[in-house]
Amino acid sequence: MDDSKNSQVGDLLHRLTPPIEALANLSWLINHESEHVDKVRFYAELAEQQINELRTIMLAATDPKA
């Protein structure tokens, strides 16, 4: 794997951290603090947004035209 691909993989792994943390927070809130609906909604929306951004980046990185 060349340096460019290594850099892309490292960047994608780095970008996975926030949505994983958001999902972990969401899971914890659902299990322990279900009365905090606004927090649950915030973390769900944040995770969804970040995962969609990652999906776009990953699709662009695997595009053979790139």
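Looking at this structure, is residue 8 modelled with pLDDT of 80 or more and of a type in the set (S, T, N, Q)? No, not satisfied.
The C-beta contact set for the stretch 50-66 (first residue within 17 Å of residue 9 (Cβ to Cβ), second residue loosely packed, with under 10 Cβ neighbours inside 10 Å and not aliphatic (A, V, I, L, M), distance under 9 angstrom, 6+ apart or interchain) is empty.
So that you can scan it fast, the table gives a plain yes or no per residue for (1) surrounded by fewer than 16 Cβ atoms within 10 Å (Cβ to Cβ); (2) of a type in the set (Asp, Glu):
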| position | (1), (2) |
| --- | --- |
| 22 | no, no |
| 27 | yes, no |
| 35 | yes, yes |
| 41 | yes, no |
| 50 | no, no |
| 55 | yes, no |
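If you take the residues in the stretch 18-60 that are touching a Pro at 6+ places or on another chain (Cβ under 9 Å) and among the acidic types (Asp, Glu), which one is nearest to residue 7 (Cα to Cα)? It comes out as 53.
The values are calculated or read from the model by the stated rules, or taken from the named source; none is laboratory data. Please read all numbers here as calculations on a predicted model, not as lab measurements. Note that each Cβ is placed from the backbone with ideal geometry, even for glycine, and that neighbours are counted across all protein chains shown.
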